[in-house]
Amino acid sequence: MSDCTHVDTLGWIAAALMVATFSCRDARRLRPLAVATNLAFVGYGLMAHLPPVLTLHLLLLPINLWRCAQAYRC
């Protein structure tokens, strides 16, 4: 498999995780999925050299980690 195929595959995985995140109703399921989505998009942004995607998900990651911790504390 070429590097381009790996990048595309990671992008599609990240997109699928985003759809799953938006499909959630329960915060205890939503936040871990959001964290996984952010991590997948960080990897995709790095591999595909997409600074806006990388920056957005690096900013969202700590927010989702914080909200995830809050969801599991309650």
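Throughout, read-outs are computed from the coordinates displayed, never taken from laboratory work. Here the structure is a predicted model, which means the values were calculated and not measured. For neighbour counting, all protein chains shown are included, and Cβ atoms are generated from backbone atoms with ideal geometry for every residue, glycine included.
Just to be sure I understand the curve: with the Debye formula and one point per C-alpha of region 3-73, what is log10 I(q)/I(0) at q = 0.14, 0.16, 0.17 Å⁻¹? Log10 of I(q)/I(0), two decimals: -0.41, -0.53, -0.58. Placing +1 on each Lys and Arg Cβ and -1 on each Asp and Glu Cβ, with no other charges, gives the chain a dipole about its Cα centre of roughly 520 debye.
Would you mind getting me the FRET efficiency between Q70 and A48? Use the beta-carbon distance for r and R0 = 35 Å, nearest 0.05.
Calculated value: 0.65.
Couplings 3J(HN,Hα) of region 50-60, computed from phi: 10, x, x, 5, 4, 4, 4, 6, 5, 6, 6 Hz, in residue order, whole Hz [Karplus 6.51 cos²θ - 1.76 cosθ + 1.60, θ = phi - 60°; x for Gly and Pro].
For the chain, adding -39500 (n - 2.57) for each run of n ≥ 4 DSSP H residues and dividing by the number of residues yields -30500 deg cm²/dmol at 222 nm. Ordering L59, M47, A27 by the projection of their Cα atoms onto the charge dipole of region 3-73, which places +1 on the Cβ of Lys and Arg and -1 on the Cβ of Asp and Glu, puts A27 at the extreme positive end. The Cβ shell under 15 Å around L60 holds other residues with a net charge of +2, Lys and Arg each +1, Asp and Glu each -1. Using only the alpha-carbon atoms, how far is helix 27-47 inclined from the longest principal axis of the chain? Give it as 0 to 90 degrees, nearest 10. Around 20 degrees separate the two axes.
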